[in-house]
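These notes are about the structure you will find just below.
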Amino acid sequence: MDDIAAVRKILSEGRVVAITGAGVSQESGIPTFRGVGGLWEKYPPEDFATPDGLMRVYKHDLPRLTQFVRDFYLALTEATPNRAHFGLAKMEEDNILSGIITQNIDDLHARAGSKKVMELHGNAFRLRCMRCAKKKMFSIVEIRRLLDHASSGPSKLKMVKMITHFFKKCDCGSRMRIDIVLFSEPLPSDVWQEAWQSIEEAKTVLLVGTSGVVYPAASLPVHAKELKKKIIEVNLERSDLSDLVDHVLLGKAGEILDQLTS
Ligand code: NAD
Ligand code: ZN
């Protein structure tokens with residue numbers, strides 16, 4: 001039996017939980033942050049992915065911050081789900097997959113039709129109240145308008161106007177912010193607990209396009225291994241997790257998910 005056939009058989013037994021990373025969205029045109037040409041090459045994460053770093057860039061280099069916001073959101077607003085997202089949504093519809101734990105913030109699993117998506121790092125299309133944690137989705141149209149504003153020549157005054165216009169006040173009176181987890185911030189504890197529990201209830205864990213170097217997300221497959229779950233990995237190349245897994249399927253996530261689900 002070849003690897004694809006063997007993995008199809010394992011998946012058909014159900015109770016599969018997927019853990020996805022930036023690689024699942026690469027074929028949708030969203031580059032991974034870490035690789036060659038990734039966002040972190042141009043924008044160091046210590047400046048652009050931490051609360052302190054972002055405040056520093058805001059104070060000292062506003063044009064660079066607006067350029068970053070444009071680069072960050074442009075790919076996100078233009079992307080549409082690919083065959084890997086649709087394949088995972090079909091697996092849920094067929095009652096094979098019980099949920100997706102994702103590190104991505106691009107909303108593409110939900111847009112492909114997946115219902116149970118545990119977003120460990122939040123969602124770039126959602127706002128969260130900084131006091132009461134109430135949430136509100138941000139439409140692609142609103143984000144495009146924000147990008148247009150950001151392109152119209154940054155000044156501190158324009159930036160403040162933009163923040164008050166787009167990041168509305170919550171009903172409780174506090175300001176809303178983008179609902180993503182920056183470096184050094186804790187993961188949302190309810191989502192983390194749900195993810196941990198879904199690994200415990202799973203029979204098989206399917207890793208798709210994740211390097212396994214971002215913690216604490218990368219501790220989930222390690223936990224699955226301790227619990228003797230079957231682990232399958234789909235990746236362009238071997239990763240830090242490959243030595244843990246039962247089957248490594250090398251190739252593009254879209255092509256492989258197509259073969260696994262068609
Ligand atoms: P990573 O960038 O560390 O690793 C991506 C992995 O995907 C690599 O192992 C790479 O070999 C693999 N890959 C790349 N293209 C692929 C393809 N077409 N098919 C299969 N595999 C492919 O990603 P990570 O482990 O998810 O961690 C990155 C962090 O950055 C996460 O915390 C995430 O929040 C964030 N991020 C999110 C997005 C997004 O929302 N789309 C994009 C980039 C980064
Ligand atoms: Zn509030």
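Each peptide in 38-45, 182-189 gets a packing score, the mean of other Cβ atoms within 10 Å over its residues, and the list from highest to lowest is 38-45, 182-189.
With an 8 Å cut-off on Cα pairs and a minimum separation of 6 or more residues, tell me the relative contact order of the stretch 74-230 in percent.
20 percent
Of the peptides 100-108, 21-29, the order by per-residue mean of other Cβ atoms within 10 Å, starting with the highest, comes out as 100-108, 21-29.
Fully extending the segment from Y215 to V36, taken as 0.36 nm per residue of separation minus the present Cα-Cα distance, adds 62.3 nm. Tell me the mean residue ellipticity at 222 nm calculated for the chain from its helices only (DSSP H runs of n ≥ 4, each -39500 (n - 2.57), averaged over every residue, nearest 500). Using -39500 (n - 2.57) per qualifying helix, the result is -12500 deg cm²/dmol. Farthest toward the positive end of the dipole of the stretch 76-215, out of C132, S198, Y215, is the Cα of C132, where the dipole comes from beta carbon charges about the Cα centre. Listed peptides 133-141, 209-217, 119-127 appear in the order 119-127, 209-217, 133-141 once ranked by packing, highest mean of other Cβ atoms within 10 Å at the front. Is the shape of the stretch 120-180 rounded, prolate or oblate, going by the alpha carbon gyration tensor and its root eigenvalues a ≥ b ≥ c, with a/c under 1.5 for rounded and a/b larger than b/c for prolate? Taking the square roots of the gyration eigenvalues as a ≥ b ≥ c, the stretch 120-180 is oblate. Using the structure shown, select from K115/K136; K42/K161; K134/K169 the pairs with a Cα to Cα distance greater than 21 angstrom. Listed pairs above 21 Å: K42/K161.
Per residue, the convex hull around the alpha carbon atoms of the chain comes to 125 Å³. Just to verify a number: FRET efficiency for E237 and S184, C-beta to C-beta distance, R0 = 30 Å, to 0.05? Plugging the Cβ-Cβ distance into 1/(1 + (r/R0)^6) gives 0.55. Seen from L54, the other residues with C-beta closer than 14 Å to its C-beta sum to a net charge of -1, counting Lys and Arg as +1 and Asp and Glu as -1.
Taken together, the values in this text are just the output of simple stated rules run on the coordinates, not laboratory data. Quick caveat, the model's predicted, so the values are computed rather than measured. Glycine also receives a Cβ, built like all others from the backbone with ideal geometry; neighbour counts cover every protein chain displayed.
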